[in-house]
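The values are calculated or read from the model by the stated rules, or taken from the named source; none is laboratory data. These figures come from a predicted structure and were not determined experimentally. FYI the Cβ positions are ideal-geometry reconstructions off the backbone, even for glycines, and counts take in every protein chain you see. All accessible areas refer to the heavy atoms of the entire protein, side chains included, with ligands and DNA or RNA removed. Shrake-Rupley method; radii C 1.70, N 1.55, O 1.52, S 1.80 Å.
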Amino acid sequence: MADWEQLREMTQHVVPPDFEALARTARRRQRRTAVAAGALACLVLAGGGVVLSIAADDEIRPAQAPPPSPSDAPVSALPHPDPGESAVDVDAGRYRVAISDSLAFEVDLPQGSTAHDDGLFLATRSFVLKTEVAGRRYGVPRDPCTDQVIEPAGPTVDDLVRALVSLPVYEVSRPRPVELGGAEGFYLEARIPSTYNAAPCERGAVQLPSRPSTAVSGPAPYLGRWWVLDVADHRVVVQQNCWGCTTDEFDSAPATPESITFTSAP
């Protein structure tokens, strides 16, 4: 593992998605995939947000990393949004997404997916996949509810995993060694039960681990799958997030993360 303090933070500037654009694409996804109607909650994303349906389920099973399932399908570049739009609907297929000047990943997306911020966020049904280089500024909020300033979690994969396990508010499973997309690291599951009262939290939402510029927060209940990986001496975090999923829905989540393969950026 290289000295992470010497690694350069990802250089591309991320423009937070516009709330109304994300809400429109979420509603289109719900119509296309016949998502069951439920109460709506706002997922706050650095000034923007996503509207997702909410259900309640207070059970999370022990972490068991899903098996990887790489694809041999032809690889395409993500399409660009139309002028004035911050997101684009994506046909089923395998796509390449750059996450730094030198690193990219390939991923299978099912029909009905939507890409935001050039693939930083890939939404399918109620699930949002977020994949990013976790450089020197990546960390965890001081308190995910009441003090959402991101504190760097140290330079190594182990440093970040330790910070995630001790993160307040979230119930985080025991880390499990895992391989994903040709990279080794750790897999964890995280949960905020429906009984958690997020009303006192900033903007009524609970912050996720992140880089400060891409920080996202959302309401309870929450279920998430987190991979912390060493990818060619870059620390990378993959999150599959769902606000309002039942355990059964979580278990049948799209196998988008498991299809990831890391590669060099073109």
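Structure above, values below:
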read-out	value
Amide hydrogen neighbours beyond the local backbone of Gly112, cut-off 5 Å, H modeled	Val90, Ala92
Distance between modelled label sites at Ala255 and Ser194, nm, 7 Å Cα→Cβ extension	2.9
Apportionment of accessible area to carbon and sulfur, region 67-266, percent (1.4 Å)	49
For region 157-266: rounded, prolate or oblate by the Cα gyration tensor [a/c cutoff 1.5]	prolate
Full-stretch length increase - Glu179, Arg203 - with 0.36 nm per residue and alpha-carbon distance subtracted	5.0 nm
Karplus 3J(HN,Hα) series, Hz, for region 165-177 with 6.51 cos²θ - 1.76 cosθ + 1.60 (x for Gly, Pro)	5, 9, 5, x, 6, 6, 9, 10, 6, 5, x, 10, x
Ordering of 248-254, 107-113 by packing [mean C-beta count within 10 Å, highest first]	107-113, 248-254
FRET efficiency for Ser264 and Asp158, using Cβ-Cβ distance with R0 set to 30 Å, rounded to 0.05	0.75
Sites Asp143 and Glu171, calculated FRET efficiency, Cβ-Cβ separation with R0 25 Å, nearest 0.05	0.95
Relative contact order, percent, region 67-266 [alpha-carbon distance under 8 Å, six or more residues apart]	24
